[in-house]
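Here is the structure we will look at.
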Amino acid sequence: AKARGKNRLVLYADGMAQAAQEKIVLLEDLAGATSAGQFEVHYQPTIDLSSGTTTGYEALLRWHHPTRGLVLPAEFIPLAEEGGHIVEIGRWVLVEAARQAAAWSAQAGRPIGMAVNLSPRQLADDDVVATVRAALDGSGLPARQLTLEVTEGVLMHDVDQVVGQLLALRALGVRIAIDDFGTGYSSLSYLRRLPADIVKIDRSFVQDLGSGGRSTTLVASIIELARSLNLDVVAEGVETPEQQAVLGRLACSHVQGYLFGRPQPADAQTPPGLGPVAA
Ligand code: C2E
Ligand code: CA
Ligand code: CA
Ligand code: CA
């Protein structure tokens with residue numbers, strides 16, 4: 001038993017070394033990925049629940065790695081954040097997503113919104129306001145059609161600096177969404193500290209809707225709270241008609257989820273306003 005225990009320890013140590021090695025390789029690959037054209041933005045629709053119309057999209061990044069194939073953000077965003085590559089990658093996403101929203105708006109003949117995720121490191125970057133302004137100017141997208149999504153993770157950096165950046169971004173006319181709302185330790189306190197226009201109810205609450213637990217009450221409270229603070233609400237991760245029905249009864253204004261559309265490349269989307277409306 002002792003020998004086996006020892007073996008396992010060795011295996012474990014090997015596994016650790018291998019994981020560390022892989023991480024170093026991926027970090028190196030990330031450095032060249034933007035200029036090599038390996039990133040692609042996928043878009044997931046946001047729907048106005050009462051009318052069923054697509055009001056906009058969220059940009060979700062995909063990495064086509066030359067040997068590993070498709071790598072999802074859960075794997076590379078933390079690395080890009082750690083290594084600092086996220087600033088350059090995020091700039092590319094902003095330009096690309098703003099351009100796409102402007103093109104869709106022109107096609108649809110009505111304003112199509114675009115939401116872009118900003119990680120803590122991006123928001124802490126001194127150039128973020130200039131970066132956003134350049135993406136808007138370059139695309140001609142009106143600022144009010146752009147939403148920047150942040151999580152409470154941004155509060156791990158200097159809070160005054162972060163709040164200052166968010167205020168400067170808002171002064172451009174863009175909207176700020178608090179992503180994954182309800183999952184942090186202190187959602188209420190960051191709602192108080194962060195200037196925001198939208199709360200996005202985390203998928204974990206939405207998934208439990210209608211199952212008889214407390215989620216319905218919690219979601220109802222979040223929607224009520226948002227309303228009293230004059231914030232818009234988006235419920236994330238809606239997968240079933242039952243969840244949609246409960247959200248409808250709670251008068252949730254906007255929804256997103258596989259039920260209405262999965263994240264897909266721009267050319268795989270039905271151009272908004274031209275084709276049938278999702279769901
Ligand atoms: P997020 O911002 O909370 O995005 C929602 C995630 O839920 C996306 O995963 C989306 O594909 C997935 N999703 C949407 N609807 C459903 C549903 O009905 N059911 C289920 N099970 N999942 C659903 P994804 O695309 O893998 O992105 C994961 C996270 O990576 C995002 O979470 C966001 O935090 C981050 N991320 C993605 N793109 C970017 C980016 O361009 N920049 C930064 N900084 N972060 C990004
Ligand atoms: Ca998001
Ligand atoms: Ca989210
Ligand atoms: Ca998330």
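Numbers below:
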read-out	value
Matching residues in segment 206-221 - criterion: being touching a residue at least 24 places away in the same chain (Cβ under 8 Å), surrounded by fewer than 21 Cβ atoms within 10 Å (Cβ to Cβ) and part of a helix (DSSP H, G or I)	Gln207, Thr216, Leu218, Ala220
Residue in segment 235-246 that is over 17 Å from the mean Cα position of the chain (by Cα), surrounded by 15 or more Cβ atoms within 10 Å (Cβ to Cβ), modelled with pLDDT under 95 and away from ligand 3 (no atom under 15 Å from the Cβ) present	no
Residues (surrounded by 16 or more Cβ atoms within 10 Å (Cβ to Cβ), hydrophobic (A, V, I, L, M, F, W, C) and outside any strand (DSSP E or B)) located in segment 172-205	Val174, Leu191, Leu194, Ala196, Phe205
Residues of segment 103-118 satisfying the condition of being buried (at least 21 other Cβ atoms within 10 Å of the Cβ), in a loop (DSSP other than H, G, I, E, B) and not aliphatic (A, V, I, L, M)	none
Top-ranked residue in segment 142-158 [being among the hydrophobic types (A, V, I, L, M, F, W, C) and touching a strand residue (DSSP E or B) at 6+ places or on another chain (Cβ under 7 Å); ranked as farthest from ligand 4 (Cβ to nearest atom)]	Leu146
Single residue of Leu148, Leu166, Leu141, Leu136 found to be in a strand (DSSP E or B) and buried (at least 19 other Cβ atoms within 10 Å of the Cβ)	Leu148
Residue check for Val255: more than 13 Å from ligand 1 (Cβ to nearest atom), modelled with pLDDT of 95 or more, within 28 Å of Arg62 (Cβ to Cβ) and not charged (D, E, K, R)	no
Residue identified as more than 13 Å from ligand 1 (Cβ to nearest atom) and within 21 Å of the chain's Cα centre (by Cα) among Arg203, Arg170	Arg170
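Condition check ((1) under 20 Å from Ala135 (Cα atoms); (2) crowded, with 20+ Cβ neighbours inside 10 Å; (3) within 13 Å of the chain's Cα centre (by Cα)) across all residues:
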| position | (1), (2), (3) |
| --- | --- |
| Tyr43 | yes, yes, yes |
| Pro66 | no, no, no |
| Phe76 | no, yes, no |
| Glu82 | no, no, no |
| Ile86 | yes, yes, no |
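One line per residue, one yes/no per condition, for (1) farther than 23 Å from Thr270 by Cβ; (2) touching a Pro at 6+ places or on another chain (Cβ under 6 Å):
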site	(1), (2)
His42	no, yes
Gly56	no, no
Leu61	no, yes
Pro78	yes, no
Glu81	yes, no
Gly84	yes, no
Val87	yes, no
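The values are calculated or read from the model by the stated rules, or taken from the named source; none is laboratory data. Please read all numbers here as calculations on a predicted model, not as lab measurements. For neighbour counting, all protein chains shown are included, and Cβ atoms are generated from backbone atoms with ideal geometry for every residue, glycine included.
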